[in-house]
Amino acid sequence: MSLKKSTRREVLAVLGAGVGAVLAGCGSTPTTPTATTTGTTTSGGGTSSTGSCAVTPSETEGPYPDKTGMINNSAFFRRDITEGTSGLPLTLTLTIVNVNSSCATVSGANVEIWQCDAAGRYSEYSQPGYDGSGQTFLRGIQTTDPNGQVTFTTIYPGWYAGRATHIHVDVFRSGALVKTTQIAFPESISAAVYATGVYASKGQNSTTNSSDNVFSDGTTNELATVTGNTTSGYTATLTIGIAV
């Protein structure tokens, strides 16, 4: 349902800088911070970064971004965004870093997330077979702490036709939107989730990360690290790199 709105020029640029530094020789020291990426292949249908310093790819906001002005409403600055929505608990911690400052953590940034429920439905919008108008579940904002982190209490996202499992993210700094991206999830974990509880009636998501119209060019810096189980829920973490 979403259309890809950006290229990976930011990532290619920082990767190119890293290659240039290597070719210059072991004794050279870059005069500006260099962003490099190291990755490890996972069994979840993508690649997660470890020890990386890279700009996170920009992605489309999709068809269901907030349209009520939550960023200007203190009521939506909240950790728990569930509003009683059913689903497996997910604790999501995002760390915001500035690639232009050697990936120093960014405090005081506002991070907004939104996602669909277990049935693949979004609040705020009327969709085929469901009217979410006037509802605000699974949306919220938090401000990064001195460690550049925010933690949301939510549910493991469901899915809808044509898209891999994902969560949307906007990052604001000093009132300006500096990053719009999406979080991908390991397919093996999603498959386990979708076989249980409130997710089971909808079945499995046939759109993989590699066939998704957003993630098909890779999930190196967008794939969450997820731990947990289908009994007690999951914990997910991701570092989001911005260049400001």
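Odds and ends about this structure:
- Residues that are surrounded by 14 or more Cβ atoms within 10 Å (Cβ to Cβ) and hydrophobic (A, V, I, L, M, F, W, C) were ranked within segment 189-223; the one that is farthest from the chain's Cα centre (by Cα) is VAL198.
- Residue tally, condition aliphatic (A, V, I, L, M) and more than 24 Å from GLU59 (Cβ to Cβ), over segment 221-244: 0
- Among the residues of segment 108-126, just one is open to solvent by 70 Å² or more (accessible area, probe 1.4 Å) and under 22 Å from ARG78 (Cβ atoms), namely ARG121.
- Those residues of segment 108-129 which are closer than 20 Å to THR239 by Cβ and either without any contact (Cβ under 8 Å) to a residue 24 or more places away in the chain or more than 18 Å from the chain's Cα centre (by Cα) (or both), in sequence order: GLY108
- Figure legend. Inter-residue proximity from segment 192-207: first residues more than 12 Å from GLY87 (Cα to Cα), second residues surrounded by 13 or more Cβ atoms within 10 Å (Cβ to Cβ) and among the basic types (Lys, Arg), beta-carbon distance below 6 Å, spacing 6+ or different chains. Indicated pairs: THR207/ARG163.
- Residue list for segment 149-175, restricted to those being polar (S, T, N, Q), assigned to a loop (DSSP other than H, G, I, E, B) and more than 13 Å from the chain's Cα centre (by Cα): SER174
- Verdict on GLY129 being surrounded by fewer than 24 Cβ atoms within 10 Å (Cβ to Cβ) and more than 20 Å from THR56 (Cα to Cα): yes
- The criterion of being open to solvent by 10 Å² or more (accessible area, probe 1.4 Å), in contact with a strand residue (DSSP E or B) (Cβ under 9 Å, 6 or more places away or on another chain), under 16 Å from LEU94 (Cβ atoms) and of a type in the set (A, V, I, L, M, F, W, C) does not hold for PHE152.
The values are calculated or read from the model by the stated rules, or taken from the named source; none is laboratory data. The model shown is predicted, which means the values in this text are computed figures rather than measured ones. All Cβ positions, even for glycine, are placed from backbone atoms using ideal geometry, and neighbour counts span all protein chains on display. Just the protein is used for accessible areas: all its heavy atoms, side chains included, with ligands, DNA and RNA removed. Shrake-Rupley method; radii C 1.70, N 1.55, O 1.52, S 1.80 Å.
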